[in-house]
Amino acid sequence: MDSESETDKQLVERARDGDLSAFDTLVVKHQGMISRCLFRFCPHQSDLEDLVQDTFIKAYRKLHLWKPTAPFENWLRRIAYNTGHDYFRRSKRTPVSLASPGQESNELELLRLEDRTDIQQEYQTTEQVQQLLSELPADDRLLLTMHYLEERPLAEVAEATGWSLSKTKVKSFRAKKKLRKLLNRYDISE
Amino acid sequence: MTSPNKNPNQSWTDMVAASRNESPVHVDVRSAVRAELESLSSSSNQQSWAEMVAASRNESPAPVDVRYAVRAMLESLLRSGNLREDAEADWTSDIIRLFNPGFVKLGVAAAFVGMLVLAGTNSVLDSEFDSDYADPLVTMNTVEADAEAEWSDWL
């Protein structure tokens with residue numbers, strides 16, 4: 001059978017048996033979806049590639065845990081969100097480039113962005129949004145990224161994070177409150 | 001203190017004259033000024049949060065191909081035998097999971113049931129009471145013991 005036409009279940013079974021080419025096919029099949037997910041977390045190409053790669057390595061390591069009752073794509077997406085969450089935890093708080101004129105950080109930020117050759121017009125706003133959200137704790141950042149940018153329902157956020165739905169709702173409410181304060185601080189209207 | 005004048009034969013007037021003839025290195029601040037002006041203009045027509053989110057949703061990543069990188073890393077991990085490394089390290093998260101409210105409630109319930117079971121069974125004292133066993137201290141302090149036995153016999 002042609003590996004392209006094989007189902008995820010068949011490919012996973014082969015990969016579990018040690019067939020790396022079957023896993024290659026899974027990577028080719030799903031890397032677009034995973035990179036689109038993680039792009040909301042990290043728009044820089046080089047970091048994004050690392051995150052996508054990490055997601056697949058984690059998936060291979062946990063392949064024995066996947067149950068065919070749930071779609072492989074959903075399971076993989078959940079791993080991607082966890083990878084994004086880890087990335088938020090690792091990445092330190094960075095100054096926001098949206099600071100009002102005259103602030104010292106504005107000039108420093110401009111110099112930093114001038115040095116960066118990988119920044120492109122295509123993801124300028126995502127970059128700005130993430131710089132703004134980087135002022136918040138990793139959990140809030142994950143929640144707002146998934147809910148606002150990825151447009152995922154709270155139930156899915158709860159499933160991806162392992163939090164209960166009620167806890168996710170409370171956290172979402174608090175995260176939105178913190179975001180509102182942040183927007184006020186930088187004179188950004190809602 | 002050493003003199004700033006490197007040439008001892010040079011007078012103050014000569015130094016001033018020499019200084020006037022010196023010119024600075026070429027300075028170009030165009031890019032810095034341009035950047036600052038762009039920053040000022042962009043901040044004056046700043047987007048709202050809703051607009052930023054909408055614009056961000058329209059942005060998409062450049063195509064990513066990690067197939068060869070993933071394959072290379074997996075082969076390297078398989079060769080080194082570290083593929084299950086994080087699965088082994090998961091014991092810490094398993095321990096943390098034991099402290100989640102579900103497990104704690106289950107643990108408290110199990111402990112309560114255990115206490116009930118223990119309370120229902122005969123205690124050690126009861127069994128001692130039913131048997132022929134004579135506690136040396138109790139026996140020693142009875143009136144009969146005082147009359148019949150020497151206390152040091154029990155030592």
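Numbers at a glance
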read-out: Residue match in the range A:34-45 (condition: assigned to a loop (DSSP other than H, G, I, E, B), in contact (Cβ under 8 Å) with a residue 40 or more places away in the chain and farther than 25 Å from B:A55 by Cα); value: no
read-out: Which listed residue, of A:R174, A:R185, is modelled with pLDDT under 90, open to solvent by 10 Å² or more (accessible area, probe 1.4 Å), more than 10 Å from every other protein chain (Cβ to nearest Cβ) and within 24 Å of B:S48 (Cβ to Cβ); value: A:R185
read-out: Selection count where residues are under 21 Å from B:L74 (Cβ atoms) and within 12 Å of chain B (Cβ to nearest Cβ), scope the range A:41-78; value: 20
read-out: Filter result for the condition that a residue is assigned to a helix (DSSP H, G or I) and touching a Pro at 6+ places or on another chain (Cβ under 9 Å), over A:K178, A:K171; value: A:K178
read-out: The range A:133-148, subset part of a loop (DSSP other than H, G, I, E, B) and open to solvent by less than 30 Å² (accessible area, probe 1.4 Å), residue farthest from A:W163 (Cα to Cα); value: A:S134
read-out: Helices (runs of 4 or more DSSP H) contained entirely in the range B:95-143, each with at least 1 residues that are modelled with pLDDT of 80 or more; value: B:101-120
read-out: Test: A:L154 is in contact (Cβ under 8 Å) with a residue 12 or more places away in the chain and within 11 Å of another protein chain (Cβ to nearest Cβ); value: no
read-out: Any hit, the range A:33-50, residues being loosely packed, with under 14 Cβ neighbours inside 10 Å, within 30 Å of A:L182 (Cα to Cα) and at pLDDT below 90; value: yes
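Matching residues to (1) of a type outside the set (D, E); (2) more than 15 Å from the chain's Cα centre (by Cα):
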{"position": "A:K9", "(1), (2)": "yes, yes"}
{"position": "A:L20", "(1), (2)": "yes, yes"}
{"position": "A:D24", "(1), (2)": "no, yes"}
{"position": "A:F56", "(1), (2)": "yes, no"}
{"position": "A:R61", "(1), (2)": "yes, yes"}
{"position": "A:P71", "(1), (2)": "yes, yes"}
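The values are calculated or read from the model by the stated rules, or taken from the named source; none is laboratory data. Here the structure is a predicted model, which means the values were calculated and not measured. FYI the Cβ positions are ideal-geometry reconstructions off the backbone, even for glycines, and counts take in every protein chain you see. Each accessible area value is taken on the protein alone, full model and side chains, heavy atoms only, with ligands, DNA and RNA left out. Shrake-Rupley method; radii C 1.70, N 1.55, O 1.52, S 1.80 Å.
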